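See structure below.
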Amino acid sequence: YAPSLPFAAIDNLLIAAFYAMKNTLVPVILGVVGVFVYLAIALSLVGMLGMPALVIANTAKDSMHGIVLLLLLLPRIGGLRGQTLTASVLKMLAASAIMAAVCLAAAALLGHVLTLDTLQGQILTLGTAAALGFGAYLGAAAILKIDEVRLGLDMIRARLRPA
């Protein structure tokens, strides 16, 4: 189901945007239409493909819902001109690639040092690789000046400050 994750994430943000505008009807109607899209694709492909047909149907449903919501939202908010979406996505992809490289390198190195046959070794390897990867992402985000990461960290700092 991984192919549908980006669409589902964007779809949830768009649903929240419509709800914030007090328009709950459009996302619900599209949700019902989405069920029919899912059923049409799943039922027509499941005999031929089996379980992957459900993945394809779910991806199509989430994609349709998100794309239609976006097309309906853009005229209401005046489009995305002046936004830094493309630059932000490229910076996040670069930071993610750095994080992935650090995670893979850490896991490979720790695999030679620790015994991965035990649960303790596996947890230590995973935890260490994840922590190093997270640090690498934050470092890359700081160097690349990713606004969304800075804003998120600022929100966390504000919450942790005593009142």
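The values are calculated or read from the model by the stated rules, or taken from the named source; none is laboratory data. Just so it is clear, the structure is predicted and the values come from calculations on it, not from any experiment. With ideal geometry, Cβ positions are generated from the backbone for all residues, glycine too; neighbour counts draw on all protein chains shown. Note: areas computed on protein heavy atoms with side chains; ligands, DNA, RNA excluded. Shrake-Rupley method; radii C 1.70, N 1.55, O 1.52, S 1.80 Å.
Listing for the model above:
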| read-out | value |
| --- | --- |
| Residues of region 9-28 satisfying the condition of being within 15 Å of Ile67 (Cβ to Cβ) and open to solvent by 60 Å² or more (accessible area, probe 1.4 Å) | Ile10, Asn12, Leu13 |
| Lone unmet requirement of (1) within 19 Å of Leu153 (Cα to Cα); (2) of a type outside the set (D, E, K, R); (3) in contact (Cβ under 8 Å) with a residue 40 or more places away in the chain for Leu132 | (3) |
| Residue match in region 59-74 (condition: assigned to a loop (DSSP other than H, G, I, E, B) and without any contact (Cβ under 8 Å) to a residue 40 or more places away in the chain) | no |
| Pick from region 117-161, criterion open to solvent by less than 70 Å² (accessible area, probe 1.4 Å) and part of a loop (DSSP other than H, G, I, E, B), ranking: modelled with the highest pLDDT | Thr118 |
| Selection count, region 106-116, where residues are open to solvent by less than 90 Å² (accessible area, probe 1.4 Å) and either free of Cβ contacts under 8 Å to residues at least 24 places away in the same chain or over 22 Å from Ala95 (Cβ atoms) (or both) | 7 |
